[in-house]
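The values are calculated or read from the model by the stated rules, or taken from the named source; none is laboratory data. All figures in this text were calculated on a predicted structure; none of them were measured in a lab. For neighbour counting, all protein chains shown are included, and Cβ atoms are generated from backbone atoms with ideal geometry for every residue, glycine included. Only protein heavy atoms, including side chains, enter the accessible area calculation; ligands, DNA and RNA are left aside. Shrake-Rupley method; radii C 1.70, N 1.55, O 1.52, S 1.80 Å.
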Amino acid sequence: MTLGRWVAVAALVGGFLFGLMGGEYSALDLRAIRVQMRAEELAIARLTAEVDSLAELGERLETDTYLQEKRARERLGVIRDGEILYGIEPVR
């Protein structure tokens, strides 16, 4: 090979490597960004489903008297007239 061909091959290889790895965002950076975007899209989908579920629960808590009573009994210890609330202490 002549010196001119070596220079041309080196320029092509250098240009290819610069295109792949150089610049503000390299091909590896773009791949990492795509992976991160996919992860963020999945997180958004999970959070959207959670928000929808909580909105449905909120609507049910506003309208479903059975659920209201159940939550009041579980969380606040509310009892009906005539009922007795028992508490069990753990043995030490």
Just to be sure before I move on: is residue 30 out of contact with any Gly (no Cβ under 6 Å at 6 or more places or on another chain) and modelled with pLDDT of 90 or more in the structure I sent? no
Residues located in the stretch 45-81, provided they are modelled with pLDDT of 90 or more, among the β-branched types (Val, Ile, Thr) and surrounded by 10 or more Cβ atoms within 10 Å (Cβ to Cβ): 48, 51
Residue 36 - would you say it is among the polar types (S, T, N, Q), closer than 30 Å to residue 16 by Cα, without any contact (Cβ under 8 Å) to a residue 40 or more places away in the chain and not in a loop (DSSP other than H, G, I, E, B)? yes
Out of all the residues in the stretch 51-68, is one or more over 40 Å from the mean Cα position of the chain (by Cα) and without any contact (Cβ under 8 Å) to a residue 40 or more places away in the chain? no
Does residue 9 satisfy being at pLDDT 90 or above, open to solvent by less than 100 Å² (accessible area, probe 1.4 Å), assigned to a helix (DSSP H, G or I) and among the β-branched types (Val, Ile, Thr)? no
